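Worksheet: one structure, shown below.
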Amino acid sequence: MGWNNWNSLGCDVSESLLLDTSKKLVGSGLRDVGYNYVVLDDCWSAGRDEEGFLKEDLEKFPSGMSDVADELHKQGLLFGMYSSAGEMTCARYAGSLDWEENDAKSFANWGVDYLKYDNCYHLGRFGTPKISFDRYKVMWDALNATGRPMLYSLCNWGEDYTHTWGMSIANSWRMSGDIYDSFSRPDDLCSCVDASNPHCVAPGSHCSVLNIVNKVAPYADRGQPGGWNDLDMLEVGNGGMTDEEYKAHFSLWAALKSPLLMGNDLRDLSATSLTILNNPAVIAISQDPEGRSVARVRRELNVAKDKYGVGEIQVWSGSLSGGDQVLLLLNAAGEDTRISASLEEIFLHDGPEGSAPQVKEEWEVYDLWGNRMDEALAQKILDADEKEAEKLWKQANWYNATEVNYKEGLKKRDERLMGKKIGKIAPGGTWTADVKRHSVEIYRLKSIGHGGKRKVHAKEEL
Ligand code: GAL
């Protein structure tokens, strides 16, 4: 979890941007709900020196990268950096292809904790999984040789079936072309709609939330602790979607266990965006120690179409640590729709045709948006200075993951991570909800008194 400047600011990067953002992360409480990587994207360098080492642009970063890293570390944050496995980065700055050892050394010396590694200008070294794997592995080896732990985040847009080899060398891998700030609008610049289509050679740059979700569906289970499908940075707060659409986007990214990298300009953070991004009950799904993505159990096409001709509903479900289950009902149709899901369907992956033992249990249903922070409080926090904001957080008894991480909080079943109880599902029963157009309902299901026939695996017991 963290923040990256690209979606809202592109090449407009500077030392003051990173430092102001880090202050905002702390003051708004976002660091303490878990966002701790500050990731600088493209456009930060100024060529190479005579020895072949990347030079930071000292006009943009007058104190140099080491000082920026120190400053971030002092605030309990981690520093992410960007380069490309190509002769140039996508914005045509010096790339790291064939300079991997030098560049990994620079990153380690500067105190970098994370590398996003892009895919532009790769000199044609792609086209098969093996060629791409080998190109990305050179940097992995170079990073490891430095001895400094750095999260390695591949950004090759799902090309050459990254999900089949990413796990061997990286901690996350992008699954699609770049996201853009739209819920469902198809765009020619994101022509691939089906990740299993081998002829899909142009991952693109205008991929909607729905496009990315549909692409990742067949591979949702490829992420696991240590390596994750990356659905791209969040657009929450950038203005192109409604509140319901942003809630849906955030819920899906959390349930699919994508990295949660905020992509909005935090210097202008609105109260509405803060109350989406700081929801601990949804983040607890993302950070669940079992680390299993939801899987899609139903997709219905040709429901009422929206203005882009898109009209579908989807049901997603997945197991959580401690025997809980997450259920997500997605309405990507053009009008409000009633969606039902039976226990048989919700536990399909635990046994087909209703054979899963969970189907015979009774379940409590907790709405994960039920305790969203009140907007007036969020506004007060944003208007306050750092000390005052901290007080407001404490008074509100908001979840603080810096003090108690999600794993511990979940083990204790901290109420703030559970959502708001809104009902029950009887054994063999069905859950039904009215889901607004372009939105989701997302729930944590808790079994009442399981322990009879069903055995929770030791690993799941935490
Ligand atoms: C793209 C990448 C974006 C951003 C951009 C920078 O290839 O997918 O996330 O990093 O390059 O130029």
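Bear in mind these aren't lab numbers, they're just calculated from the coordinates by the rules spelled out. Because the structure is a prediction, the values reported are computed rather than measured. Note: ideal-geometry Cβ built from the backbone for every residue, glycine included; neighbour counts use all protein chains shown.
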Only residues that are away from the ligand (no atom under 16 Å from the Cβ) and surrounded by fewer than 20 Cβ atoms within 10 Å (Cβ to Cβ): list them for the stretch 112-124, please.
Gly124
Scan the stretch 125-139 and tell me whether some residue there is within 16 Å of the ligand (Cβ to nearest atom), among the hydrophobic types (A, V, I, L, M, F, W, C) and without any contact (Cβ under 8 Å) to a residue 40 or more places away in the chain.
yes
Kindly indicate the residue of the stretch 272-309 that is among the small types (Gly, Ala, Ser) and closer than 20 Å to Gly409 by Cα and also surrounded by the most Cβ atoms within 10 Å (Cβ to Cβ) among those meeting that condition.
Ala284
How many of the residues making up the stretch 21-45 are more than 19 Å from the chain's Cα centre (by Cα), more than 16 Å from the ligand (Cβ to nearest atom) and of a type in the set (A, V, I, L, M, F, W, C)?
1
Checking Trp165 against (1) in contact (Cβ under 8 Å) with a residue 60 or more places away in the chain; (2) part of a helix (DSSP H, G or I), which single condition isn't satisfied?
(1)
Of the listed residues (Leu18, Leu54), the one being within 16 Å of the ligand (Cβ to nearest atom) and closer than 30 Å to Ala376 by Cα is Leu18
Do we find a residue being of a type in the set (Gly, Ala, Ser), farther than 19 Å from Gly166 by Cβ and surrounded by 24 or more Cβ atoms within 10 Å (Cβ to Cβ) anywhere in the stretch 212-233?
no
Taking the stretch 234-244 only, how many residues are at positive phi and either surrounded by fewer than 23 Cβ atoms within 10 Å (Cβ to Cβ) or among the acidic types (Asp, Glu) (or both)?
1
Exactly one of these conditions fails for Glu235: (1) more than 16 Å from the ligand (Cβ to nearest atom); (2) part of a loop (DSSP other than H, G, I, E, B); (3) touching a His at 6+ places or on another chain (Cβ under 7 Å). Give me its number.
(1)
Quick check on the stretch 1-15: of everything there that is more than 17 Å from Ser153 (Cβ to Cβ) and of a type outside the set (D, E, K, R), which residue is farthest from the ligand (Cβ to nearest atom)?
Ser14
Residues in the stretch 72-103 that are within 13 Å of the ligand (Cβ to nearest atom) and closer than 19 Å to Val38 by Cα total 5
Take Ser8 and decide whether it is touching a strand residue (DSSP E or B) at 6+ places or on another chain (Cβ under 6 Å) and of a type in the set (S, T, N, Q).
no
